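This structure is in structure tokens; I'll ask about it shortly.
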Amino acid sequence: MSEILQPQQSDAQLKNYDQLKETFHWDDIHSVFSWHETGNVNMAYECIDRHVDDGRGDHPALRYADSSREETYTFADLKGATNQAAHMFRRLEVAKGDRVFIFMPRSPELYISLLGAIKAGAVAGPLFEAFMNEAVRSRLEDSEASTIVTTPELLERIPYTDLPHLNKIILVGDQVPQDGPFYSYFNEMKASPTTDDAIEWVSLEDGMILHYTSGSTGKPKGVYHVHHAMIQHYQTAKWVLDLHEDDVFWCTADPGWVTGTSYGIFGPWLNGVTNIVRGGRFSPDDWYHTIEKQRVTVWYSAPTAFRMLMAAPKEIIEKYDLSSLRHILSVGEPLNPEVVRWGWEVFGLRIHDTWWMTETGAMLICNYPSEPIKPGSMGKPIPGVHAAIIDDQGKELPPNEMGNLAVQTGWPAQMRKIWKNETKFNEYFSIPGWYISGDTAFRDEDGYFWFQGRNDDVIVTAGERVGPFEIESKLVEHPSVAEAGVIGKPDEMRGHIIKAFIAVRDGYEHSDELKEEIRSYIKNELSAHSVPREIEFKETLPKTRSGKIMRRVLKAWELDEPAGDLSTMDDN
Ligand code: WT7
């Protein structure tokens, strides 16, 4: 029996989930958007200009802060600035469908450039600022980008002389080289009018954004999304983020990752709320300070961040007034029940898990402020989406059986292609009617989905299927364990045995006694067949920048094999 936590919000935007699930159609909300009548579609217009047209031009849209800068932009300010950026791109001959990359640290210019590019009809390609030369090169090469907006500091990581398609480099900064394909962002913006005649009206199925993501093998894939996604960004931001007009929303993700665009830009701005952007690196003090100072009401982050906050001394959190918060959400990796309990203890709020992927473009399986939560579960599909657990032949499996987490095709934000890689794209849809996520999960008798691991991470040991997440979650509940990654290690007798890599908390020794203690803890808490036969202590574990433990790298260490593409690995 799993624990059930009752909902806290009586005025949540999502009401009558069970009924809505039966009756809702995506077409029902087309009338929210002006293109429903005018036929003029553009994501950037719907995010920004529409609110000015609706008389909310003075409402703060973006509050930006880093250690040296603090700025507020209203919707009217952003309308003018993104129009200028659209004019800038047009003057530089960016045409509809061209790929315009944005490669810089979080700043107002990043958000203005990205929306300006979309306004001009381009496909925006955000690149995380920490990417080094090879990662930058492979993405610009594959996408054949014509234009990039970057900073003088990052220029040395762009091998532009080897990239024949890349002929415009717009630099956000003072030092702009005289010769070569360089343009000054600030000069170009100054020379551009704020009028809205630079908006390219497109169709719902025209390209809007290209996010590169690594698979478990091969080079990064360009996941291509279209303007149509706005319908789902808008609606999930209501149902799941529960955004109301006066909310102050903070999504901590960088726009280099899909969370940082779908919910760091589109979801909140389609709903006209104030969006907080914090530049610079993570520190617990700084994050709590941001919530207190900006009076953040809705906060969307990731389990790793919560775990880092959890590990920080209690005195830190006690210094801040965090009473503005009313709703907290998580994405990207399994949300351990331990973290949910911590959230309840320190904020008096449930942390709501959400499941989706770069490829899905928007949230699909979620916990809602209006529905009970089962800690450790990802929740239930949003209305308008049918998810199921299927076997390799496409047969739906009964409750509590592990299998492929799959979604019936046709939700609005679904990727439309993998850039120049139809084969890869088709692999996701190899079973007719279904999108195969690559995740393994089960659904319980109440319709809640429980994540078990990536497909290739599920461990079969002595004939038993074991999900690594369950073990990892339990391991991090042990007082000595800071981080844990679990893999299956090939074994003649058992098929696989369970091996755990563990980083211990300060004050604990890498001793055999501790290994034994951890093993008997797992045996007592989970089961004998879940016990890691092998434990190896590490100083830190390999993680992606979005915080996922890279089991693939652990496996490669274990088997003494090359670890493959490491461009998304966090190196600090
Ligand atoms: C993979 C997609 C889209 C947001 C950021 C990650 C894992 C995502 C959860 C969750 C357990 C999760 C899955 C998925 N994942 N959300 N709530 N619980 N796992 O996007 O980098 O495209 O990764 O992240 O394995 O397939 P991404």
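Let me spell it out: the conditions are (1) free of Cβ contacts under 8 Å to residues at least 40 places away in the same chain; (2) within 16 Å of the ligand (Cβ to nearest atom), and HIS386 meets all of them except one. Which number is the exception?
In the conditions (1) free of Cβ contacts under 8 Å to residues at least 40 places away in the same chain; (2) within 16 Å of the ligand (Cβ to nearest atom), HIS386 misses (2) alone.
Here's another thing I want to ask about it. Just one of (1) touching a residue at least 40 places away in the same chain (Cβ under 8 Å); (2) buried (at least 23 other Cβ atoms within 10 Å of the Cβ); (3) within 13 Å of the ligand (Cβ to nearest atom) trips up PRO369, so point out which.
Unmet condition: (3).
Next up: With the structure loaded, tell me whether ASP444 is touching a residue at least 24 places away in the same chain (Cβ under 8 Å), over 22 Å from TRP257 (Cα atoms) and acidic (Asp, Glu) or whether it fails that test.
Working: touching a residue at least 24 places away in the same chain (Cβ under 8 Å): yes; over 22 Å from TRP257 (Cα atoms): yes; acidic (Asp, Glu): yes.
In short, yes.
So, one more: Please work out if PRO399 is more than 16 Å from the ligand (Cβ to nearest atom), surrounded by fewer than 22 Cβ atoms within 10 Å (Cβ to Cβ) and in contact (Cβ under 8 Å) with a residue 60 or more places away in the chain. Walk me through how you get there before you give the answer.
On the way: more than 16 Å from the ligand (Cβ to nearest atom): yes; surrounded by fewer than 22 Cβ atoms within 10 Å (Cβ to Cβ): yes; in contact (Cβ under 8 Å) with a residue 60 or more places away in the chain: no.
No.
Next question. Of all residues in the range 551-572, which are in contact with a Lys or Arg (Cβ under 7 Å, 6 or more places away or on another chain) and closer than 16 Å to ILE498 by Cα?
Residue satisfying the conditions is GLU558 alone.
The rows are residues; the columns are (1) touching a strand residue (DSSP E or B) at 6+ places or on another chain (Cβ under 9 Å); (2) more than 19 Å from LEU541 (Cβ to Cβ); (3) at pLDDT 95 or above.
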{"site": "GLU445", "(1), (2), (3)": "no, yes, yes"}
{"site": "PHE451", "(1), (2), (3)": "yes, no, no"}
{"site": "LEU475", "(1), (2), (3)": "yes, no, no"}
{"site": "VAL486", "(1), (2), (3)": "yes, no, no"}
{"site": "GLY495", "(1), (2), (3)": "yes, yes, no"}
{"site": "GLY507", "(1), (2), (3)": "no, no, no"}
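Follow-up. Would you confirm whether any residue within the range 464-476 is of a type outside the set (S, T, N, Q), assigned to a loop (DSSP other than H, G, I, E, B) and away from the ligand (no atom under 15 Å from the Cβ)? Step through it out loud before you land on a result.
Looking only at the range 464-476, we keep the residues that are of a type outside the set (S, T, N, Q), and these are 464-472, 474-476.
Within this subset, residues satisfying the condition of being assigned to a loop (DSSP other than H, G, I, E, B) are 467, 476.
Among the residues that remain, those that are also away from the ligand (no atom under 15 Å from the Cβ) are: none.
No, the range 464-476 has no match at all.
Could you count how many residues in the range 243-266 are within 21 Å of THR544 (Cα to Cα), touching a strand residue (DSSP E or B) at 6+ places or on another chain (Cβ under 8 Å) and in a helix (DSSP H, G or I)?
Within the range 243-266, residues that are within 21 Å of THR544 (Cα to Cα), touching a strand residue (DSSP E or B) at 6+ places or on another chain (Cβ under 8 Å) and in a helix (DSSP H, G or I) number 6.
Now for a separate question. Evaluate the following for SER301: is it touching a residue at least 12 places away in the same chain (Cβ under 8 Å) and over 21 Å from ASP49 (Cβ atoms)? Quick ask: steps written out before the conclusion?
Working: touching a residue at least 12 places away in the same chain (Cβ under 8 Å): yes; over 21 Å from ASP49 (Cβ atoms): yes.
So SER301 fits the description; yes.
Now, a different point. Going through ARG56, ARG69, ARG63, ARG91 one at a time, which residue ends up being of a type in the set (Lys, Arg), touching a residue at least 24 places away in the same chain (Cβ under 8 Å) and touching a strand residue (DSSP E or B) at 6+ places or on another chain (Cβ under 8 Å)? Explain how you work it out, then say what you get.
Working: ARG56 fails: touching a strand residue (DSSP E or B) at 6+ places or on another chain (Cβ under 8 Å); ARG69 fails: touching a strand residue (DSSP E or B) at 6+ places or on another chain (Cβ under 8 Å); ARG91 fails: touching a strand residue (DSSP E or B) at 6+ places or on another chain (Cβ under 8 Å).
Answer to the selection: ARG63.
Filter the range 494-535 for residues that are assigned to a helix (DSSP H, G or I) and small (Gly, Ala, Ser); which is farthest from GLN452 (Cα to Cα)? Give the steps one after another, and end with the answer.
Of the residues in the range 494-535, the ones assigned to a helix (DSSP H, G or I) are 512-525, 528-530.
Remaining after also requiring small (Gly, Ala, Ser): 520, 528, 530.
Numbers: SER520: 22, ALA528: 18, SER530: 13 Å.
Per the criteria, the residue is SER520.
Now a separate question. Between residues in the range 548-569 that are farther than 25 Å from SER473 by Cβ and residues that are among the charged types (D, E, K, R) and surrounded by 14 or more Cβ atoms within 10 Å (Cβ to Cβ), which pairs lie under 8 Å by C-beta distance while being six or more apart or on different chains?
Matching pairs, first to second residue: GLU561/LYS555; GLY564/ARG552; ASP565/LYS219.
If I filter the range 536-550 down to residues being of a type outside the set (A, V, I, L, M) and not in a loop (DSSP other than H, G, I, E, B), which single residue comes out as nearest to the ligand (Cβ to nearest atom)? Please lay out each step first, then the result.
As a first pass, look at the range 536-550 and keep what is of a type outside the set (A, V, I, L, M): 536-540, 542-548.
Next cut, not in a loop (DSSP other than H, G, I, E, B) only: 536-537, 543-544.
On the way: GLU536: 23, PHE537: 25, LYS543: 12, THR544: 7 Å.
So, considering only residues that are of a type outside the set (A, V, I, L, M) and not in a loop (DSSP other than H, G, I, E, B), the one nearest to the ligand (Cβ to nearest atom) is THR544.
Quick one: count up the residues across the range 393-430 that are more than 18 Å from ILE365 (Cα to Cα), of a type in the set (A, V, I, L, M, F, W, C) and not in a loop (DSSP other than H, G, I, E, B).
Of the residues in that region, 2 qualify.
Can you report the number of residues in the range 203-221 which are at pLDDT 95 or above and either surrounded by 22 or more Cβ atoms within 10 Å (Cβ to Cβ) or in contact with a Phe, Trp or Tyr (Cβ under 7 Å, 6 or more places away or on another chain) (or both)? Step through it out loud before you land on a result.
Keep residues of the range 203-221 that are at pLDDT 95 or above, which gives 203-211.
Subsequent filtering for residues that are either surrounded by 22 or more Cβ atoms within 10 Å (Cβ to Cβ) or in contact with a Phe, Trp or Tyr (Cβ under 7 Å, 6 or more places away or on another chain) (or both) retains 207-211.
Residues flagged as at pLDDT 95 or above and either surrounded by 22 or more Cβ atoms within 10 Å (Cβ to Cβ) or in contact with a Phe, Trp or Tyr (Cβ under 7 Å, 6 or more places away or on another chain) (or both) within the range 203-221 amount to 5.
Quick one: what pairs do we get from the range 321-344, first residue basic (Lys, Arg) and more than 16 Å from the ligand (Cβ to nearest atom), second modelled with pLDDT of 95 or more and not in a loop (DSSP other than H, G, I, E, B), C-beta under 8 Å, 6+ apart or different chains?
Matching pairs, first to second residue: ARG326/VAL298.
If we scan the range 113-121, do we find a residue that is in contact with an Asp or Glu (Cβ under 6 Å, 6 or more places away or on another chain) and surrounded by 24 or more Cβ atoms within 10 Å (Cβ to Cβ)?
For the range 113-121, residues in contact with an Asp or Glu (Cβ under 6 Å, 6 or more places away or on another chain) and surrounded by 24 or more Cβ atoms within 10 Å (Cβ to Cβ): present.
The values are calculated or read from the model by the stated rules, or taken from the named source; none is laboratory data. Here the structure is a predicted model, which means the values were calculated and not measured. Don't worry about glycine lacking a Cβ; one is built from the backbone with ideal geometry, like all the others, and counts go over all protein chains shown.
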